[in-house]
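Trainee: Take a look at the following structure, please.
The values are calculated or read from the model by the stated rules, or taken from the named source; none is laboratory data. Model, not experiment: these values are computed from the prediction. All Cβ positions, even for glycine, are placed from backbone atoms using ideal geometry, and neighbour counts span all protein chains on display. Just so you know, the surface numbers come from the protein's heavy atoms only, side chains and all, with ligands and any DNA or RNA stripped out. Shrake-Rupley method; radii C 1.70, N 1.55, O 1.52, S 1.80 Å.
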Amino acid sequence: MKFLVLLIIYISFSAGLEVNESCTTPCNAPGKCVPVRNCTYARKIIQKPDATYRDSQYLVMSKCGILSESRPIPLVCCPSMLNPDQCGALDFANRITGGEVTELGEHPWVALLIYDLGGNRFVPKCGGSLLNSRYVLTAAHCIMDVPQKWKLHRVRFSEWNTISKENCTTVNDEEICRQDFEVDKIIVHPDYDLKVRNKLHDITILKLAEEVIFDKYVRPICLPLDPTVRQLPIDQNDFTVSGWGQTETAYRSAVQLHVDLLGRSNEICDEAFAIANIKLAETHICVGGEKGKDSCKGDSGGPLMRLVDGVWYQFGVVSFGSRFCGSENFPGIYTNVARYVDWIEETEREPLRG
């Protein structure tokens, strides 16, 4: 609380910006000038039991004005997440309508997680999605629910055929190569509990050790940051999932596949999975249920995507479903990304103060 008092005293000498005006944080990130009470990021710093002098400096440098009511109320520049330029947009024009095989560049944000099994053995297990040049989104169970000896080794983009020993392939006289990145930090959602049946908060952020350079084969997907996109209905709307998961004939697909699925109400999933005592929350999305069309083992952590006005947005993260993938009337269950935008933003901003 002493840091908040310091901030109030410091800000009271300067009028600054108006409420909700654009501003720049001390870390040179875009933000909005808002009361401290409306900024989760600032409140978390104030409430830290072990707050440091660096924390107080950050708050003081965040000042952007005062709100004049009965007494001065400080305004701080609160970080606001922005989608990267050209996220969700494609140079790819020949999408395979009604097909399954995904061509290189068709979904350039989809990542493949590679695990180290020890003994110089490596295996692809889960999927993920590129959010920006340093962060990848995946499922918490891809970190917490794997054999203890398994270690996440790297994140791969621009992958097509996982069993090929060649790192590069030639398509229309163009050489396209895999791009591998080591993981600097793994941030599992703090409320995820492996023992909970409905996998609440099944979401994790991976911070890459170096920046990804975007091209037409590797680029980020958009998050549903715009309220008009975030509030689009799920039920009876089209979605797409892409990955290298299990198929009808193989434990893992060698090539990247995609499937188009129909959104359902959460009540449909509640009814389908009642036998397993599973009930969905607002942080879940229910999608699919058509025979033979589903995400499956190995697709976990990958993006549930939606095309909105020609731009791809990530609405979900592949979480879990029926033991027998593609069973009729048993949709897949996905983590609802829109419900975690604030957590993603706070997680990405935290290292900037370090």
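Trainee: Condition first: of a type in the set (Val, Ile, Thr) and in a helix (DSSP H, G or I). Now tell me which residues in the range 33-78 satisfy that. First the steps, then the outcome.
Mentor: Taking the range 33-78 first, the residues of a type in the set (Val, Ile, Thr) are 34, 36, 40, 45-46, 52, 60, 66, 73, 76.
Within the range 33-78, Val36, Thr40, Ile45, Ile46, Val60 meet the criteria.
Trainee: Take the conditions surrounded by 14 or more Cβ atoms within 10 Å (Cβ to Cβ) and either within 26 Å of Phe157 (Cβ to Cβ) or polar (S, T, N, Q) (or both) and apply them to Ile221. Does it pass?
Mentor: Values: surrounded by 14 or more Cβ atoms within 10 Å (Cβ to Cβ): yes; either within 26 Å of Phe157 (Cβ to Cβ) or polar (S, T, N, Q) (or both): yes.
Criteria met by Ile221.
Trainee: Here is a follow-up. How many residues does the range 117-169 contain that are free of Cβ contacts under 8 Å to residues at least 40 places away in the same chain and closer than 24 Å to Thr240 by Cα?
Mentor: Number of matching residues: 0.
Trainee: Kindly provide the set of residues from the range 224-240 that are over 16 Å from the mean Cα position of the chain (by Cα) and surrounded by fewer than 18 Cβ atoms within 10 Å (Cβ to Cβ), ordered by number.
Mentor: Pro227, Thr228, Gln231, Leu232, Pro233, Asp235, Gln236, Asn237, Asp238
Trainee: Open to solvent by 40 Å² or more (accessible area, probe 1.4 Å) and among the basic types (Lys, Arg): is that true of Lys199 in this structure?
Mentor: Details: open to solvent by 40 Å² or more (accessible area, probe 1.4 Å): no; among the basic types (Lys, Arg): yes.
For Lys199, the condition - open to solvent by 40 Å² or more (accessible area, probe 1.4 Å) and among the basic types (Lys, Arg) - is not met.
Trainee: Residues being more than 18 Å from Val337 (Cβ to Cβ) and either modelled with pLDDT of 80 or more or open to solvent by less than 50 Å² (accessible area, probe 1.4 Å) (or both): count how many of those fall in the range 75-95. Talk me through it step by step, then tell me what you get.
Mentor: First pass over the range 75-95, keeping only residues more than 18 Å from Val337 (Cβ to Cβ): 75-79, 85-86, 89-95.
When the remaining residues are screened for being either modelled with pLDDT of 80 or more or open to solvent by less than 50 Å² (accessible area, probe 1.4 Å) (or both), the result is 75-79, 85-86, 89, 92.
Residues that pass the stated criteria total 9.
Trainee: Give the residue that is farthest from Val317 (Cα to Cα), with candidates limited to residues of the range 133-170 that are open to solvent by 30 Å² or more (accessible area, probe 1.4 Å) and basic (Lys, Arg).
Mentor: Of everything passing the filter in the range 133-170, Lys165 is farthest from Val317 (Cα to Cα).
Trainee: Next up: Arg323 - would you say it is assigned to a loop (DSSP other than H, G, I, E, B) and among the basic types (Lys, Arg)? Steps first, please.
Mentor: Values: assigned to a loop (DSSP other than H, G, I, E, B): yes; among the basic types (Lys, Arg): yes.
Against the criterion (assigned to a loop (DSSP other than H, G, I, E, B) and among the basic types (Lys, Arg)), Arg323 qualifies.
Trainee: For the range 140-167, which residues satisfy the criterion of being at pLDDT 85 or above and either assigned to a strand (DSSP E or B) or small (Gly, Ala, Ser) (or both)?
Mentor: Ala140, Lys151, Leu152, His153, Arg154, Val155, Arg156, Phe157, Ser158
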